[in-house]
1. If you take the residues in region 123-147 that are in a strand (DSSP E or B) and touching a helix residue (DSSP H, G or I) at 6+ places or on another chain (Cβ under 7 Å), which one is nearest to CYS87 (Cα to Cα)?
2. Among the residues of region 83-98, is any among the acidic types (Asp, Glu), open to solvent by 70 Å² or more (accessible area, probe 1.4 Å) and within 16 Å of LEU36 (Cα to Cα)?
3. Among the candidates GLY142, GLY127, which residue alone is under 26 Å from CYS55 (Cα atoms) and open to solvent by less than 80 Å² (accessible area, probe 1.4 Å)?
4. Can you tell me which residue in region 100-122 is surrounded by the fewest Cβ atoms within 10 Å (Cβ to Cβ), limited to those that are touching a residue at least 12 places away in the same chain (Cβ under 8 Å) and within 14 Å of ILE82 (Cα to Cα)?
5. Of all residues being open to solvent by less than 10 Å² (accessible area, probe 1.4 Å) and touching a residue at least 40 places away in the same chain (Cβ under 8 Å) in region 130-139, which is farthest from the chain's Cα centre (by Cα)? Just the residue, please.
Amino acid sequence: MQTGVPLNEAHTEASSREMQTGVPLNKAHDFQVRKLEVSDNSKGFVELLQQLTVCDAISDENFEARFQELRSLGDDHVICVIEDTSCGKIIATGSVFIEKKFVRNCGKAGHIEDVVVDRDYRGMQLGKKVLSFLTDHARSVGCYKVILDCSNENKAFYEKCGFKQKEIQMAKYFI
């Protein structure tokens with residue numbers, strides 16, 4: 001006998017979530033995890049970032065220019081996206097950039113930034129998929145660690161993904 005949430009309760013919970021968001025929970029096979037493409041601008045990438053932080057509208061020309069700039073960095077800056085291919089929408093993203101250091105025998109450290117899952121798709125383990133993609137990339141290019149900053153509200157999520165609190169983050173904004 002299976003333990004945990006009884007099937008009828010799980011079905012009720014899933015049906016309720018589907019009715020609230022309009023996103024069927026059984027569409028995992030329609031999700032594609034990959035690197036950002038220039039065409040993702042028309043698939044809601046910037047609108048997704050607006051769910052995370054201040055992100056004004058970006059012209060197609062500015063988007064393509066920034067995309068090309070980041071692409072020229074190769075493996076030193078990677079943006080992961082998850083696309084719901086059933087509707088052509090970017091539903092999750094995150095990025096990692098690689099810092100080349102003198103410490104740790106000229107080691108490398110990965111910095112994860114801008115992780116967000118569309119509010120209608122949260123609770124489907126997509127954030128974990130983004131983090132796995134980014135941490136796997138950092139490991140594959142020889143990073144000795146990967147770090148990120150997060151809010152207190154998101155601390156438990158990142159701990160479930162294997163991150164540990166270390167030190168204190170500080171920031172100085174210029175705008």
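The values are calculated or read from the model by the stated rules, or taken from the named source; none is laboratory data. Nothing here was measured: the structure is a model prediction, and the numbers come from that model. Quick reminder, even Gly has a Cβ in these numbers, built from the backbone with ideal geometry, and neighbours come from all protein chains shown. Each accessible area value is taken on the protein alone, full model and side chains, heavy atoms only, with ligands, DNA and RNA left out. Shrake-Rupley method; radii C 1.70, N 1.55, O 1.52, S 1.80 Å.
1. We begin by selecting, within region 123-147, every residue in a strand (DSSP E or B); these are 143-147.
Of the ones still in play, those that are also touching a helix residue (DSSP H, G or I) at 6+ places or on another chain (Cβ under 7 Å) are 144, 146.
Numbers: TYR144: 38, VAL146: 32 Å.
The extreme case among them is VAL146.
2. No, there is no match, as no residue in region 83-98 is among the acidic types (Asp, Glu), open to solvent by 70 Å² or more (accessible area, probe 1.4 Å) and within 16 Å of LEU36 (Cα to Cα).
3. GLY127
4. Ranking the candidates gives ARG119 first.
5. It comes out as ALA138.
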